[in-house]
Amino acid sequence: MIYNNGLEVIFNGIFAAIVAQVLKLIGYIIVHKKIDFKILTTTGGMPSSHSAGVIGMSATVGIIDGYTSVAFAIAFGFSLVVMYDAAGVRRAAGKIAAVLNRIKEDIYYHKPELIGEKLKELLGHTPFEVFVGALLGFALAYVNHYLILG
């Protein structure tokens with residue numbers, strides 16, 4: 001073996017998150033017919049890069065140490081927390097931000113210059129976006145381990 005298992009875990013997680021962000025950019029370009037590189041650094045959207053990253057790492061731990069190992073149990077537990085947060089807490093925070101933005105617009109209807117900066121509304125993910133991100137992370141972990149690094 002010419003590579004370090006820990007580095008493979010880190011690489012696969014980061015790689016899956018980057019691929020998910022690039023897919024978001026491609027989707028944005030297709031829908032809006034313009035390029036906005038800010039998409040590469042924003043949260044929310046399809047697919048979930050958080051899910052892709054943590055499942056990419058977890059799957060790699062499972063491939064290397066086995067799916068019944070303590071290391072995999074810890075990695076997968078961490079992944080579940082991150083994915084729950086992405087689809088639950090951060091999504092709820094985004095909905096609250098949308099309501100607050102509308103309230104600010106209503107209050108300052110006659111003086112829009114006083115509204116200030118809008119709160120970011122796209123913070124979390126739908127359960128489907130989380131699921132697709134997880135599938136992406138899992139698939140990339142297997143491809144990287146068996147086809148590229150293997």
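The values are calculated or read from the model by the stated rules, or taken from the named source; none is laboratory data. Keep in mind that this is a model prediction, so the values were computed, not measured. Quick reminder, even Gly has a Cβ in these numbers, built from the backbone with ideal geometry, and neighbours come from all protein chains shown. To get the accessible areas, we keep the full protein, side chains included, count just its heavy atoms, and leave off ligands, DNA and RNA. Shrake-Rupley method; radii C 1.70, N 1.55, O 1.52, S 1.80 Å.
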### Message
What are the pairs with Cβ atoms under 8 angstrom where one residue, in segment 105-131, is over 30 Å from Ile55 (Cβ atoms) and the other, located anywhere, is in a helix (DSSP H, G or I) and modelled with pLDDT under 70? Sequence gap at least six, or different chains.
### Response
Glu105/Pro112; Tyr108/Leu114
### Message
Residue under question is Ile29, and the condition is that it be surrounded by 13 or more Cβ atoms within 10 Å (Cβ to Cβ) and among the β-branched types (Val, Ile, Thr); does it hold?
### Response
yes
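Tell me which residues, restricted to segment 28-86, are of a type in the set (Ser, Thr, Tyr) and within 13 Å of the chain's Cα centre (by Cα).
Thr41, Thr42, Thr43, Ser48, Ser49, Ser51, Ser79, Tyr84
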## Note on the structure
Taking segment 48-65 and keeping residues open to solvent by less than 20 Å² (accessible area, probe 1.4 Å) and either out of contact with any Phe, Trp or Tyr (no Cβ under 6 Å at 6 or more places or on another chain) or without any contact (Cβ under 8 Å) to a residue 12 or more places away in the chain (or both) leaves Ser48, Ser49, Ser51, Ala52, Gly53, Val54, Gly56, Thr60
### Message
Given the criteria within 11 Å of the chain's Cα centre (by Cα), closer than 18 Å to His145 by Cα and open to solvent by less than 30 Å² (accessible area, probe 1.4 Å), does Ala16 qualify?
### Response
yes
